Amino acid sequence: LSQSLFALFASSLAISLVFAIIPLCHNVVVLAVVMAVAGLAMGCIDTISNMQLVKIYQKDSAIFLQALHFFVGFGALLSPLIADPFLSDTNCILSNSTANASSNLPHIRKSLVPHHPGNLSHYDLPMKGMVVTRVSYAFWIMALINLPVPIAVFFLLYKERMVPCFNSSSPPLLSADELAMETRPTEKDDLSAAVQRPHAAGGHDDLFSCCQSKNFRGASYTYFAVHITGALVLFMTDGIVGEYSGFIYSYAVEEPLSVVHKVAGYLPSLFWGFITLGRLISIPVSYRMKPATMVFINVVGVLITFLLLLIFSYSVVFLFVGTASLGLFLSSTFPSMLAYTEDILQYKGCATTVLVTGAGIGEMVLQLLVGSIIHDQGSYSFLVCGMIFGGLAFTFYAFLLFFHRMYPKPSSDMDDASPDKPAVMDDTGQYQR
């Protein structure tokens, strides 16, 4: 826990520093390095926060994961609103031709579509002169808004007496016994929970224990299959989130829909708004519904929504309805899949790292893939790609259900070599494997 909290402190502090430095970067190479640091920090926060919630709350983690990802969506919805007042509608470089260039900007915006990059050559924008922009304030405000986060994490470290240089005289916020009561099992689970402790202490007590090869010796193929299929589901669904939010505007403004640019600009906001709403709704729903059922509803809903978007591809009204529906179905897929996969693997936290990595790679790769396909094949391929990705997500989830049924249950007759097999007590009260 101390390693995770120190990593969260360093990562969240790095994000505030990066946002403060970005406006001062006058070289694209320096900016790229700074953005890479921000990406590393955000990846650490994403992985560690999910992993620790799973390990602390275990069977109750689904609710807390839904709450965590609600705030992720809320931040994605809120941050553009903070930056918007500082974005200029005119050119940011003053020169003798600024007035003419500023008057041409609406026409330039209309020409920013994948099939007509050559139109930009008709307009000469000044590249030299005094830069006048207020966008730096948006980055500095975001840096200040984020600053309480590392302060809060450091305060938690201090209260838990994990900071070497500072010794807090006050008692910890949550004692070990109270923390254990958060996940106290029922009577029928008392044995399985108690007997897992020796095994947990042996190989899952530090941040990098999941990378140790000794934990995989003798593991059955279903152990790896659950990790892989779960990661592939999130590869597809998070990839859909990235490519849909990134290209829905470009799809809407092109034929056959030809939506007005200002109206099309509301589509990404609508998409993220319903993702945030869906995650808020999923917090109480996850208390009543199993994660496996929620993931099934999500992937089926995504597949049906893309099918209807293809059927009604000439309807602007249904484009907005389908965007909202897709946001709702995609909203809880990530946290529900984490909870479901960790439930299969007895809440070791190792699957979380694999799933978060798979989701991040999918969000990156599918955007690149769809962007190149749209450029070559036209806007209609945007929905076709979404339909294919949705079908693959459903297929991989079906494989995950199959491997779940094949996965050995945590009982005394499990394979002795399985890394997830808990120790059980014999009649003499001794632990055996």
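The values are calculated or read from the model by the stated rules, or taken from the named source; none is laboratory data. In this text the structure is predicted, and so the values were computed from the model without any measurement. Quick note on the areas: whole protein, heavy atoms, side chains included, nothing else; ligands and nucleic acids left out. Shrake-Rupley method; radii C 1.70, N 1.55, O 1.52, S 1.80 Å.
Can you work out which of the residues in region 277-290 that are under 17 Å from the mean Cα position of the chain (by Cα) and not polar (S, T, N, Q) is nearest to Phe64 (Cα to Cα)?
Across region 277-290, the extreme among qualifying residues is Ile283.
Of all residues in region 45-64 being open to solvent by less than 60 Å² (accessible area, probe 1.4 Å) and among the hydrophobic types (A, V, I, L, M, F, W, C), which is farthest from Ser286 (Cα to Cα)?
Filtering first and then ranking leaves Ile45.
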